[in-house]
Amino acid sequence: MLSELHRQIANYLVGKECDVYPAPFHVVLNLESYEKEEESKDVFEPDITIVCDPNKLDDAGCKGSPDMVIEIISPSSAKRDKIEKINKYEQAGVKEYWIVEPQEKIISVFKLQESGSYGRPELYTDEHEVKVSIFDDFIIQLNKVFQYNQRKVKGNRNP
């Protein structure tokens, strides 16, 4: 699933100013409120990160708000992804935040509104295509994303 999402995004971004980074990729939010990066408690490693401002990049990852973040949740990360991270990403000004739920085949898309907060999420399933709002003409094929996940599950013969 992560590989297929990353593949679709990376293919779209060829020749464009933005870049996509799969985990592990270090994101430090709200640096301006801390004297040193080490003091920041807003450090995350999203599953997929899109950054369009090269000035935010260094050898460790992204310092400041990325343009888009995708988190693929597991039972152990659901609470953190759906409560803590969404609030931090919203406060930091991440323009688009996706929560992918592989078992349910559901994606929740949160878009930053002019008010500075995320509006009601748009919900999609494996039957949908999703337009990525930070780009004018990019659509992700969810049937391919979830189909890839199904092949992996079916191919796994370990109980």
Cα extents of the stretch 103-146 per principal axis, largest first, Å, are 33, 24, 11
For CYS18, the accessible surface traced by a 1.4 Å probe with all protein chains present amounts, in square angstrom to the nearest 10, to 10
Compactness check, the chain: C-alpha Rg relative to the 2.2 N^0.38 Å globular estimate gives 1.04
With Cα springs under 10 Å, the Gaussian network model of the chain assigns the largest mean-square fluctuation among ASP19, ASP136, ASP67 to ASP136
Taking the stretch 63-154, the lysine pairs whose C-alpha atoms sit under 15 Å apart (8 or more places apart or on different chains) add up to 13
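The values are calculated or read from the model by the stated rules, or taken from the named source; none is laboratory data. From a predicted model like this one, the values you see are computed outputs, not experimental measurements. Side chains are part of the model used for accessible areas, which takes the heavy atoms of the whole protein and leaves out ligands, DNA and RNA. Shrake-Rupley method; radii C 1.70, N 1.55, O 1.52, S 1.80 Å.
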